[in-house]
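Some notes on the structure that comes next.
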Amino acid sequence: MTNGIITKVAGPLVIAEGMRNANMFDVVRVSSERLIGEIIEMHGDKASIQVYEETSGLGPGEIVESTGAPLSVELGPGLIGAIYDGIQRPLNEIMKVAGNSLKRGVEVPSLDHNKKWHFVPTVKKGAELVSGDVIGTVKETNAVLHKILVPNGIKGKVADIKEGDFTIDETVAVLEDNGKKNNIQMAVKWPVRVGRPYKRKLSPDILLTTGQRTIDTLFPIAKGGVAAVPGPFGSGKTVVQHQLAKWAAADIIVYIGCGERGNEMTDVLNEFPELKDPRTGNSLMERTVLIANTSDMPVAAREASIYTGITIAEYFRDMGFTVALMADSTSRWAEALREMSGRLEEMPGEEGYPAYLGSRLAQFYERAGRVLVNGSDEKEGALSVIGAVSPPGGDISEPVSQATLRIVKVFWGLDANLAYKRHFPAINWLTSYSLYTDQLEEWFSENASKDFMKLRGRLMSLLQDESELQEIVNLVGMDALSPTDRLKLETARSIREDYLHQNAFDSIDTYTSLKKQVLMMRAILLCYDKSVEALKDGANTDLLIGMSVRERVGRFKYEEETNIDREYESISAMLEQEIKDVLERSED
């Protein structure tokens with residue numbers, strides 16, 4: 001253990017001398033209050049330490065003690081349903097110890113070391129195992145069967161294993177390798193800045209279904225994909241992330257509130273336990289880990305919170321789960337980097353952010369992916385990362401947004417004007433994009449519909465045409481448009497209001513299956529195609545636009561999933577009849 005002496009304190013940065021035997025990224029305890037810090041620079045025996053707690057009152061001459069280990073998280077049963085701060089301290093337990101105020105230097109174990117969990121072995125004595133193999137399971141919640149894995153770097157023959165109730169520190173199995181015995185416990189530690197190993201990455205060609213029409217149809221994200229949700233204040237970033245947390249086809253949700261305002265994080269902490277999990281009917285917290293690091297908590301801890309969250313997510317991915325990680329927001333995390341960079345007197349990049357901002361963001365996002373996990377059998381796991389970006393004033397030309405866009409494959413650009421018109425989700429269909437669309441084409445044709453991509457393409461081109469026609473309307477008025485163009489505008493309005501607009505608070509409209517999405521697209525386009533045909537046969541444009549079947553198409557999204565086939569047939573029949581009526585009336 002290395003002890004040093006503080007020589008300088010500058011906000012969250014502490015410089016200590018006499019740290020010759022310490023290493024980069026070692027965790028240190030600062031002063032008699034034992035504040036948690038991490039060495040981020042070494043010059044001879046001088047260490048620059050990033051302190052993850054409030055440093056007011058610290059001064060030169062106080063002791064710094066190195067633990068000799070990097071910043072690590074504790075992984076094991078008890079993670080699900082927990083609420084942690086940025087350095088994996090359980091906030092519920094801290095409240096029991098320290099009351100409502102978050103005191104400095106509080107030491108609370110990340111997982112409960114006294115609770116006994118019922119361990120059920122999945123292998124027998126004598127089995128040959130490698131790291132990553134499942135040795136047993138623990139029923140953590142109703143929704144999650146926690147798999148206990150052989151830790152990284154350990155292999156051998158099972159010498160002893162038994163079912164029973166154990167704490168996370170007790171030995172549940174013994175592996176023998178060339179005469180050496182390895183005791184396996186349920187909990188392991190893992191350094192947060194090191195990605196957990198896997199066999200190989202797989203192609204992102206399976207859709208991560210979300211039930212959100214704008215996302216699934218127009219800008220899909222693949223399992224193991226990375227997406228960014230940039231948008232100004234009030235444009236609905238948090239609601240989009242809540243919807244994805246609730247409805248995305250993921251087994252585990254890791255939600256990182258990184259530097260968001262306290263009231264916003266309080267909403268998350270209050271709402272998540274009350275959100276009903278559509279899979280089980282119980283609380284969504286039964287498959288969620290929350291990391292709360294609000295803007296009034298120490299700035300430096302924001303950086304740790306991102307790594308803590310993704311390490312926990314990788315741990316569940318290694319069990320073969322599909323994990324979705326929400327980071328809200330990476331802009332606040334980048335502010336922590338900027339603060340520390342300024343304190344270290346590094347050469348600033350654009351807008352004062354460090355020159356390495358892009359590479360740090362890339363290191364975080366590249367830990368996502370659909371992978372073949374370690375172990376003797378072929379087992380897939382996936383980790384998808386969705387990062388919210390909060391550019392000041394919604395200006396995405398600023399450095400964090402631009403660095404993020406160079407890395408991510410999906411861009412859901414939230415638009416303040418759409419939010420102002422109460423169009424939610426406020427994802428702008430003209431500026432957003434997904435680079436996974438081509439890779440997902442085969443998946444859509446096998447799992448949704450043969451003509452899914454064709455329907456999607458037609459929707460996109462109608463929306464594109466609308467934006468061009470709208471410019472003409474704004475200049476010279478609606479009368480300047482041809483009847484065909486007026487029908488185009490009406491269809492585009494239907495796509496926007498009836499298809500892309502989705503009510504997160506309506507029990508039916510909050511989630512739309514892929515089958516229903518296909519039928520809704522067909523209904524809108526059928527209406528358009530039949531109207532264009534009727535127009536050629538001499539139908540009156542106003543009568544076509546005023547058909548009551550359009551209202552029926554608009555209400556399709558509120559139909560129960562069990563009734564959608566019947567409703568589609570009914571709309572088709574009604575459309576045929578109304579077109580016939582319009583043609584007759586036009587002749588008169």
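The values are calculated or read from the model by the stated rules, or taken from the named source; none is laboratory data. Predicted, not measured: the structure shown is a model, and the values here were computed from it. No Cβ is skipped: glycine too gets one built from the backbone with ideal geometry, and neighbour counts run over all protein chains shown. Accessible surface is based on the protein model in full, side chains and every heavy atom, while ligands, DNA and RNA are left aside. Shrake-Rupley method; radii C 1.70, N 1.55, O 1.52, S 1.80 Å.
Rundown of residues vs (1) outside any loop (DSSP other than H, G, I, E, B); (2) polar (S, T, N, Q), yes/no style:
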{"position": "Asn417", "(1), (2)": "yes, yes"}
{"position": "Leu440", "(1), (2)": "yes, no"}
{"position": "Phe444", "(1), (2)": "yes, no"}
{"position": "Lys450", "(1), (2)": "no, no"}
{"position": "Lys454", "(1), (2)": "yes, no"}
{"position": "Gln464", "(1), (2)": "yes, yes"}
{"position": "Leu489", "(1), (2)": "yes, no"}
{"position": "Arg493", "(1), (2)": "yes, no"}
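Considering the conditions (1) open to solvent by less than 70 Å² (accessible area, probe 1.4 Å); (2) closer than 23 Å to Tyr255 by Cα; (3) not basic (Lys, Arg), Asp451 is excluded by exactly one of them, (2). Taking Gly195 as the residue in question, decide whether it is small (Gly, Ala, Ser), open to solvent by 30 Å² or more (accessible area, probe 1.4 Å), without any contact (Cβ under 8 Å) to a residue 60 or more places away in the chain and touching a Lys or Arg at 6+ places or on another chain (Cβ under 9 Å). Answer is no for this residue. State yes or no: is Arg261 surrounded by 23 or more Cβ atoms within 10 Å (Cβ to Cβ) and basic (Lys, Arg)? So Arg261 fails the test.
With the condition kept exactly as written, say whether any residue in segment 231-245 is modelled with pLDDT under 90 and of a type in the set (D, E, K, R). Yes, segment 231-245 contains a residue that is modelled with pLDDT under 90 and of a type in the set (D, E, K, R). Restricting Val373, Val389, Val410 to residues that are at pLDDT below 95 and either open to solvent by less than 70 Å² (accessible area, probe 1.4 Å) or among the small types (Gly, Ala, Ser) (or both) narrows the list to Val389. Listed by position, the helices (runs of 4 or more DSSP H) inside segment 496-588 whose residues that are basic (Lys, Arg) number at least 1 are 514-536, 549-555, 564-587. In segment 198-216, the residues that are over 25 Å from Asp509 (Cβ atoms) form Cβ pairs under 9 Å with partners that are basic (Lys, Arg) and open to solvent by 60 Å² or more (accessible area, probe 1.4 Å), at six or more places apart or across chains, as follows: Pro204/Lys409.
Inspect segment 248-267 for any residue being under 14 Å from Pro425 (Cβ atoms), in contact with a Leu (Cβ under 9 Å, 6 or more places away or on another chain) and outside any strand (DSSP E or B) and give the result as yes or no.
yes
Note on segment 426-438: residues that are in a loop (DSSP other than H, G, I, E, B) and open to solvent by 20 Å² or more (accessible area, probe 1.4 Å) total 5. Within segment 479-494, the set of residues being crowded, with 17+ Cβ neighbours inside 10 Å and β-branched (Val, Ile, Thr) comprises just one member, Thr491. Restricting segment 217-248 to residues that are more than 18 Å from His501 (Cα to Cα), open to solvent by 10 Å² or more (accessible area, probe 1.4 Å) and among the hydrophobic types (A, V, I, L, M, F, W, C), which is nearest to the chain's Cα centre (by Cα)? Checking each candidate, the answer is Val226.
Criterion first (assigned to a strand (DSSP E or B), exposed (fewer than 13 other Cβ atoms within 10 Å of the Cβ) and over 30 Å from the mean Cα position of the chain (by Cα)) does Asp160 satisfy it?
No: the conditions fail for Asp160.
Just name the residue that is most open to solvent (accessible area, probe 1.4 Å) out of those in segment 1-31 that are free of Cβ contacts under 8 Å to residues at least 40 places away in the same chain and touching a Lys or Arg at 6+ places or on another chain (Cβ under 7 Å). That would be Glu17. Of the residues making up segment 495-521, those that are β-branched (Val, Ile, Thr) and either within 28 Å of Glu271 (Cα to Cα) or open to solvent by 50 Å² or more (accessible area, probe 1.4 Å) (or both) are Ile508, Thr510, Thr512.
Among the residues making up segment 132-142, a single one is open to solvent by 40 Å² or more (accessible area, probe 1.4 Å) and in contact (Cβ under 8 Å) with a residue 24 or more places away in the chain: Asn142. Within segment 166-174, at least one residue is over 30 Å from Tyr365 (Cβ atoms), aromatic (Phe, Trp, Tyr) and open to solvent by 10 Å² or more (accessible area, probe 1.4 Å). Taking the numbered list (1) within 30 Å of Glu497 (Cα to Cα); (2) of a type outside the set (Val, Ile, Thr); (3) buried (at least 21 other Cβ atoms within 10 Å of the Cβ) in turn, Leu275 passes all entries but (3).
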